[in-house]
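Enquirer: Structure in structure tokens, see below.
The values are calculated or read from the model by the stated rules, or taken from the named source; none is laboratory data. Just so it is clear, the structure is predicted and the values come from calculations on it, not from any experiment. We place every Cβ from the backbone using ideal geometry, glycine too, and count neighbours over all the protein chains shown.
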Amino acid sequence: MTTSLSHGTRLVAVQRFLVVSALAIAVTSPAQAQRTQTAPGTLAPPMATAAEIRSAVSAAYEKYKTLREGKNADYIPALAKVDPNLFGIVVITPDGQVFSSGDVTTEVSVQSISKVFTLARVLQDSGEVSVRNRIGVDATGRPFNSIYPVEENKGKDINPLVNAGAISTTAMIAGATSDEVWQKIIGTYNDFAGRQLRVMEDVYKSESETNQRNRAIGQLMEAWGTIGSKPAQAVDLYTRQCSVGVNAKDLAVMAATLANDGKNPITGKQVLAAKHVAPLLAVMATAGLYETTGQWLFETGLPAKSGVGGGLIAISPGKYGIAVISPPLDSAGNSVRAQKVIADLGVVLGANPYAVTRPR
Ligand code: GLN
């Protein structure tokens, strides 16, 4: 009895709240809604205006263009040769507006950012349950190329955004031949980027000659019986996918496709079914920057993914796809300058999905 009474009281309160909220929305003009605290029940905080995004992007570029912290990856020899001064920032909104500063045309290898898009394909083809059961979605808390979690977790329960889990992810894509699998991988990346991407052959060759650790990870997973019978093929395809060339604009289109519920805002193509986007972003929020993901999420709230080529993407769902390229990395393998830029932009643009009001 007491329960049903208090339930009724709560219902009245909820109804009143809804009426008041509807009135509040009705009397707030769109311009006001942009500037003021968000009305209850609407998307919060509001998106920045085009002028605000433009000026935030160029301010971040100016602020960090002379920063010289970090060091190019050199365990893959080809990456050590990339110009460390390369620096480009792009923000794309779900309605396809593009804001950029710096170099947005020079390509770097996508590296670990590829892991997100291969996972997208596997989610689309095989679904969430098989990803959770066959790969795992918890963070390892270890460096990206660590072999420890493979042994500790008996070849499974390894996040798809570190090498072992990513090699398993690649192995889950069906195909009678290696080329058939590759066409699915590159086709998915092309759809996300909205143009035809190519492998940077020098990077692929360089990494193929120096990827003993990844080959060992593949073989150990084979020994545990968790990767099927073709670990060498999976490692080779994984190495190829990491060598795909992308510029800052490509990465931002890929990020904005995720910010837009799986629909590419430039081409209009639904690349990934909307229902798979939230789980994919959750994996990024858990492990996108490897063992420093907690610090990143604490600061920005943004699901993101880094690559040792110097790229970093971040997604503000429904609002922004953000990409920065700057090759010098910190000790975890994340671009130093890209992290600073995106952290700044996140505050100015109100990008943090956990924040109800926009910080000023
Ligand atoms: N291809 C790289 C590797 O396997 C990717 C690592 C990364 O970008 N963090 O080592």
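Enquirer: Within the set of pairs 6 or more residues apart or between chains, which connect a residue that is more than 22 Å from Asn352 (Cβ to Cβ) and at pLDDT 95 or above inside the range 273-285 to a residue that is hydrophobic (A, V, I, L, M, F, W, C) and assigned to a helix (DSSP H, G or I) with Cβ atoms less than 8 Å apart?
Expert: His276/Ala120; His276/Leu123
Enquirer: To continue, here is another question. Being touching a Lys or Arg at 6+ places or on another chain (Cβ under 8 Å) and either in the same structural domain as Arg240 (by TED's automatic domain parsing) or in a loop (DSSP other than H, G, I, E, B) (or both) is true for just one of Leu161, Leu197, Leu220. Which residue is that?
Expert: Leu161
Enquirer: Looking at Leu280, Leu297, Leu349 in this structure, which one is within 24 Å of Val108 (Cα to Cα) and either buried (at least 17 other Cβ atoms within 10 Å of the Cβ) or touching a strand residue (DSSP E or B) at 6+ places or on another chain (Cβ under 9 Å) (or both)?
Expert: Details: Leu297 fails: within 24 Å of Val108 (Cα to Cα); Leu349 fails: within 24 Å of Val108 (Cα to Cα).
Answer to the selection: Leu280.
Enquirer: Being basic (Lys, Arg) and surrounded by fewer than 19 Cβ atoms within 10 Å (Cβ to Cβ) narrows it down to one residue among Arg195, Arg240; which is it?
Expert: Numbers: Arg240 fails: surrounded by fewer than 19 Cβ atoms within 10 Å (Cβ to Cβ).
Every option except Arg195 fails the conditions.
Enquirer: Check the range 66-80 and report whether any residue there is under 21 Å from Met254 (Cβ atoms), more than 16 Å from the ligand (Cβ to nearest atom) and modelled with pLDDT of 95 or more.
Expert: Going residue by residue through the range 66-80, those that are under 21 Å from Met254 (Cβ atoms) are 73, 79.
Narrowing the set further to residues that are more than 16 Å from the ligand (Cβ to nearest atom) leaves none.
Checking the range 66-80: not a single residue is under 21 Å from Met254 (Cβ atoms), more than 16 Å from the ligand (Cβ to nearest atom) and modelled with pLDDT of 95 or more.
Enquirer: Going through the range 311-346 one residue at a time, which ones are surrounded by 22 or more Cβ atoms within 10 Å (Cβ to Cβ), touching a residue at least 60 places away in the same chain (Cβ under 8 Å) and farther than 19 Å from Lys63 by Cβ?
Expert: Once the filter is applied, which keeps residues that are surrounded by 22 or more Cβ atoms within 10 Å (Cβ to Cβ), touching a residue at least 60 places away in the same chain (Cβ under 8 Å) and farther than 19 Å from Lys63 by Cβ, the range 311-346 yields Gly311, Ile313, Ile315, Lys319, Gly321, Leu329.
Enquirer: A further question follows. Quick one: in the range 223-235, of everything that is out of contact with any Gly (no Cβ under 7 Å at 6 or more places or on another chain) and outside any loop (DSSP other than H, G, I, E, B), which residue is modelled with the lowest pLDDT?
Expert: So, considering only residues that are out of contact with any Gly (no Cβ under 7 Å at 6 or more places or on another chain) and outside any loop (DSSP other than H, G, I, E, B), the one modelled with the lowest pLDDT is Ala223.
Enquirer: For Val90, indicate whether it is under 30 Å from Ala164 (Cβ atoms) and either within 16 Å of the ligand (Cβ to nearest atom) or in contact (Cβ under 8 Å) with a residue 12 or more places away in the chain (or both). Break it down stepwise before answering.
Expert: Details: under 30 Å from Ala164 (Cβ atoms): no; either within 16 Å of the ligand (Cβ to nearest atom) or in contact (Cβ under 8 Å) with a residue 12 or more places away in the chain (or both): yes.
When the stated conditions are applied, Val90 does not pass them.
Enquirer: Residues Ser168, Ser208: which one is surrounded by fewer than 18 Cβ atoms within 10 Å (Cβ to Cβ), among the polar types (S, T, N, Q), in contact (Cβ under 8 Å) with a residue 24 or more places away in the chain and not in a loop (DSSP other than H, G, I, E, B)? Before the answer, list the steps.
Expert: Working: Ser168 fails: surrounded by fewer than 18 Cβ atoms within 10 Å (Cβ to Cβ).
On inspection, the qualifying residue turns out to be Ser208.
Enquirer: Right, another one. Based on what the data block shows, is Ile217 at negative phi and modelled with pLDDT under 95? So that I can check it myself, show each step before the final result.
Expert: Details: at negative phi: yes; modelled with pLDDT under 95: no.
It is false that Ile217 is at negative phi and modelled with pLDDT under 95.
Enquirer: Using the structure shown, decide if Ala60 is of a type outside the set (Asp, Glu), without any contact (Cβ under 8 Å) to a residue 24 or more places away in the chain and outside any loop (DSSP other than H, G, I, E, B).
Expert: Here the answer is no, as Ala60 does not meet what is asked.
Enquirer: For Pro46, indicate whether it is within 19 Å of Leu329 (Cβ to Cβ) and either modelled with pLDDT of 95 or more or over 19 Å from the mean Cα position of the chain (by Cα) (or both).
Expert: Numbers: within 19 Å of Leu329 (Cβ to Cβ): no; either modelled with pLDDT of 95 or more or over 19 Å from the mean Cα position of the chain (by Cα) (or both): yes.
Taking the combined requirement at face value, the residue does not satisfy it.
Enquirer: Still on this structure, I have one more. Is it true that Tyr238 is within 13 Å of the ligand (Cβ to nearest atom), touching a helix residue (DSSP H, G or I) at 6+ places or on another chain (Cβ under 7 Å), part of a helix (DSSP H, G or I) and more than 30 Å from Ser101 (Cα to Cα)?
Expert: On the way: within 13 Å of the ligand (Cβ to nearest atom): yes; touching a helix residue (DSSP H, G or I) at 6+ places or on another chain (Cβ under 7 Å): yes; part of a helix (DSSP H, G or I): yes; more than 30 Å from Ser101 (Cα to Cα): yes.
So Tyr238 fits the description; yes.
Enquirer: Please specify each residue of the range 319-360 satisfying the condition of being under 22 Å from Asp250 (Cα atoms) and part of a loop (DSSP other than H, G, I, E, B).
Expert: In the first step, residues of the range 319-360 are kept if they are under 22 Å from Asp250 (Cα atoms); the result is 319-329, 333-346, 349, 351.
If the condition is that a residue be under 22 Å from Asp250 (Cα atoms) and part of a loop (DSSP other than H, G, I, E, B), then Lys319, Ser326, Pro327, Pro328, Gly333, Asn334, Ala351 are the ones that fit.
Enquirer: Only one of Phe117, Phe99 is under 22 Å from the mean Cα position of the chain (by Cα) and either assigned to a helix (DSSP H, G or I) or surrounded by fewer than 19 Cβ atoms within 10 Å (Cβ to Cβ) (or both). Can you tell me which?
Expert: Phe117
Enquirer: Restricting attention to the range 298-317, does a residue exist that is of a type in the set (D, E, K, R) and under 25 Å from Ala48 (Cα atoms)?
Expert: Kept after step one, since they are of a type in the set (D, E, K, R), are these residues of the range 298-317: 299, 305.
Then keep just the ones that are under 25 Å from Ala48 (Cα atoms); that gives 299, 305.
Within the range 298-317 (the criterion being of a type in the set (D, E, K, R) and under 25 Å from Ala48 (Cα atoms)), the answer is yes, since at least one residue qualifies.
Every residue, every condition in (1) under 17 Å from Ala304 (Cα atoms); (2) in contact with a Gly (Cβ under 6 Å, 6 or more places away or on another chain), yes or no:
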{"site": "Asp125", "(1), (2)": "no, no"}
{"site": "Arg134", "(1), (2)": "no, no"}
{"site": "Asn145", "(1), (2)": "no, no"}
{"site": "Asn159", "(1), (2)": "yes, yes"}
{"site": "Asn163", "(1), (2)": "yes, no"}
{"site": "Met172", "(1), (2)": "no, no"}
{"site": "Gln183", "(1), (2)": "no, no"}
{"site": "Gly194", "(1), (2)": "no, no"}
